[in-house]
Amino acid sequence: MRRGFFVTFEGVDGCGKSTQAELLANRLRGEGRSVVVTREPGGGTIPEKIRALLLDPCNSEMVNECELLLYLAARAQHVREKIFPALEEGAIIICDRFQEATFAYQGFGRKVPIAILRQMNSFATGDLDPDLTFIFDLPIERAFERLTSVKKPIDRLEANGPDFFKRVRNGYRSVAGATPHRITILDGTLPLEVLAEKVYAIMIEKLKDTLIFKIK
Ligand SMILES: Nc1ncnc2c1ncn2[C@@H]1O[C@H](COP(=O)(O)OP(=O)(O)O)[C@@H](O)[C@H]1O
Ligand SMILES: [Mg+2]
């Protein structure tokens, strides 16, 4: 039986995923809840090796099909090795990126048909859907500004031009519109404390529907 709760944070680089994941995790831990923070691609030994392949700017010749399969391979391992076991133990799993990134980047960014992606993703996840997903939406230029102020070397994905990231942003908005019961889209330009408050309130409201958390 699945006893835990699975929440994912999505949006383009610089939208605030890692910041909000950490704030939420700290707050929930402060309430004595068991929280696992993880990320994609990554979250385990094999998935982190796949992440390194995906982000390495030397792999610029990587074709779209290879890229998609590597993301899904990493996810398949991550779900079975880390997410399912944590869910069975009743933890709250906070994951920085998950399947919506595949739909936005590979679907809208790389133009792989969404119907194919949904089917392949379900195979990779064993049909695990998040219980709740937050997408932080902001203009691509704003996200780029934030990233250039803390600049590290550019990775393979970041080497794509602004048109690619605009398609990704629109892709995220489109998947949010198609799945309103699970996905909440928030204005990523809001101050981070304001966003954190919204995320927490929505999270707690959803947790109330989950049997195991009612007894706390
Ligand atoms: N709501 C916000 N307003 C302004 N700056 C933010 C906000 N959220 C995050 N930042 C800053 O933007 C940068 C990217 O945030 P981060 O959480 O690392 O984004 P992501 O994980 O989505 O790439 C960091 O320097 C962070 O401090
Ligand atoms: Mg991050």
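The values are calculated or read from the model by the stated rules, or taken from the named source; none is laboratory data. Since the structure is predicted, the reported quantities are computational estimates derived from the model, not experimental observations. Reconstructed Cβ throughout: ideal geometry from the backbone, glycine too, with neighbour counts over all protein chains shown. Note: areas computed on protein heavy atoms with side chains; ligands, DNA, RNA excluded. Shrake-Rupley method; radii C 1.70, N 1.55, O 1.52, S 1.80 Å.
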Checklist line | In region 15-25, the residues that are farther than 18 Å from Leu207 by Cα, small (Gly, Ala, Ser) and surrounded by fewer than 21 Cβ atoms within 10 Å (Cβ to Cβ) | finding: Ser18
Item checked: Glu193 being open to solvent by less than 70 Å² (accessible area, probe 1.4 Å) and at pLDDT 95 or above -> no
Notebook entry, point to check: In the list Arg142, Arg110, which residue meets the criterion of being of a type in the set (Lys, Arg), in contact (Cβ under 8 Å) with a residue 24 or more places away in the chain and open to solvent by 50 Å² or more (accessible area, probe 1.4 Å)?
Noted result: Arg142
Item checked: Filter result (within 17 Å of Pro41 (Cα to Cα), aliphatic (A, V, I, L, M) and touching a residue at least 60 places away in the same chain (Cβ under 8 Å)) within region 113-134 -> Leu128
Notebook entry, point to check: Within region 114-150, which residues are closer than 21 Å to Cys15 by Cβ and of a type in the set (Gly, Ala, Ser)?
Noted result: Ala143, Ser149
Note to self: Cβ-Cβ under 7 Å, sequence separation 6+ or interchain: first residue in region 1-20 and within 7 Å of ligand 1 (Cβ to nearest atom), partner among the hydroxyl-bearing types (Ser, Thr, Tyr) and open to solvent by less than 10 Å² (accessible area, probe 1.4 Å). Which pairs?
What the structure shows: Gly11/Tyr172
Next item on the list: Would you mind telling me which numbered condition in (1) within 16 Å of ligand 1 (Cβ to nearest atom); (2) touching a helix residue (DSSP H, G or I) at 6+ places or on another chain (Cβ under 9 Å) Leu128 fails?
Entry: (1)
Next item on the list: Check region 78-87 and report whether any residue there is out of contact with any Leu (no Cβ under 6 Å at 6 or more places or on another chain), part of a loop (DSSP other than H, G, I, E, B), within 28 Å of Ala196 (Cα to Cα) and touching a residue at least 40 places away in the same chain (Cβ under 8 Å).
Entry: no
Next item on the list: Those residues that are more than 16 Å from ligand 2 (Cβ to nearest atom) and surrounded by 14 or more Cβ atoms within 10 Å (Cβ to Cβ), I need them from region 26-48; list them, please.
Entry: Arg27, Leu28, Arg33, Val35, Val36, Gly44, Ile46
Next item on the list: Examine region 88-106 for a residue that is open to solvent by 10 Å² or more (accessible area, probe 1.4 Å), free of Cβ contacts under 8 Å to residues at least 40 places away in the same chain and away from ligand 2 (no atom under 14 Å from the Cβ), and state whether such a residue exists.
Entry: no
Notebook entry, point to check: What single numbered condition from (1) within 16 Å of ligand 1 (Cβ to nearest atom); (2) under 29 Å from Phe164 (Cα atoms); (3) among the hydrophobic types (A, V, I, L, M, F, W, C); (4) surrounded by fewer than 20 Cβ atoms within 10 Å (Cβ to Cβ) fails to hold for Leu53?
Noted result: (1)
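Quick one: would you say Phe164 is of a type in the set (Phe, Trp, Tyr) and touching a strand residue (DSSP E or B) at 6+ places or on another chain (Cβ under 9 Å)?
no
Do any helices (runs of 4 or more DSSP H) lying entirely in region 109-216 carry at least 2 residues that are under 19 Å from the mean Cα position of the chain (by Cα), and which ones are they?
Numbers: elements: 114-125, 140-148, 162-178, 192-207, 211-214.
Qualifying helices (runs of 4 or more DSSP H): 114-125, 140-148, 162-178, 192-207.
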Margin query: Can you report the number of residues in region 4-20 which are within 10 Å of ligand 2 (Cβ to nearest atom) and not in a helix (DSSP H, G or I)?
Written below: 6
Note to self: So if I check each of Leu23, Leu69, which one is among the aliphatic types (A, V, I, L, M), away from ligand 2 (no atom under 16 Å from the Cβ) and in a helix (DSSP H, G or I)?
What the structure shows: Leu69
